[in-house]
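Taking it in order: structure first as structure tokens, then the write-up.
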Amino acid sequence: IAAFVIAFTLYPARIRIQKFVDRTFYRERYNFEQAVTSFTRAISESSTLEQIGKRILKEITALIPVEKIGLLLTNTESTRIRTLAHYNMDEAVKNINALRVKKIKSDFKKPFALHEMVQQGIDIDQSLSGIFRRWDLCLAIPLKIQADIVIGGIVLGKKLSGMKYTQHDIELLSVTASEAAIALKRLQLQEDII
């Protein structure tokens with residue numbers, strides 16, 4: 001009875017402590033609107049593709065600390081993928097740059113993910129699971145300008161907290177990917193004109 005009473009009284013305290021640790025050290029909880037506003041402001045200050053690539057990765061890792069992250073773009077003909085910026089993905093970058101877009105059989109309507117790295121109930125595309133396991137990646141969010149125009153993607157490894165990606169994480173990443181796609185396309189057009 002004493003063990004039951006102790007467990008019953010300490011459980012709420014354990015939950016509060018866990019939330020504090022997550023928020024303080026892993027930033028698992030964030031203000032969605034504030035995060036998007038901060039992200040948009042940060043990428044709008046960049047003037048080259050390389051700057052914006054580094055800035056996007058910095059902003060995302062501040063919100064969701066991960067072991068590795070990369071920003072991928074397609075070339076002008078949308079046949080090949082190249083790495084614009086990355087953190088801790090040296091081995092995977094060699095393979096990613098050899099990947100052809102037409103080998104990806106998807107409509108790009110859902111994020112790509114390993115099912116064991118996202119919470120249950122999240123609608124994901126698992127068609128790249130083999131590649132993700134080989135390159136030690138967990139999640140990829142397509143960079144779309146319109147519903148049918150994909151110009152790249154944001155790929156992420158495991159979260160530093162060891163937790164699975166949540167629906168909230170994926171929604172935030174999807175919104176930031178949309179903002180990033182628009183900014184990247186704008187800079188690509190500017191560079192083409194120049």
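The values are calculated or read from the model by the stated rules, or taken from the named source; none is laboratory data. These numbers were taken from a predicted model, which means no experiment stands behind them. Here the Cβ is made from the backbone with ideal geometry for all residues, glycine too, and neighbour counts use every protein chain on show. Quick note on the areas: whole protein, heavy atoms, side chains included, nothing else; ligands and nucleic acids left out. Shrake-Rupley method; radii C 1.70, N 1.55, O 1.52, S 1.80 Å.
Descriptive notes on the structure:
- Placing +1 on each Lys and Arg Cβ and -1 on each Asp and Glu Cβ, with no other charges, gives the chain a dipole about its Cα centre of roughly 340 debye.
- Estimated translational diffusion coefficient (Stokes-Einstein, Kirkwood radius over Cα pairs, 4 °C, 1.567 mPa s) of the chain: 73 µm² per second.
- Within the accessible area of the chain, the carbon and sulfur atoms contribute 56%, probe 1.4 Å, all protein chains present.
- HN-Hα J in Hz across the stretch 108-125 - Karplus 6.51, -1.76, 1.60, θ = phi - 60°, x for Gly and Pro: 6, 8, 10, x, 8, 6, 7, 4, 7, 9, 10, 5, 4, x, 8, 7, 10, 9
- What the phi angles of the stretch 176-183 give under the Karplus curve with 6.51, -1.76 and 1.60, with θ = phi - 60°, is a coupling list of 5, 5, 5, 4, 5, 4, 5, 5 Hz, glycine and proline written as x.
- Calculated accessible area for the chain comes out at 58 Å² per residue, all protein chains present (probe 1.4 Å; ligands, DNA, RNA ignored).
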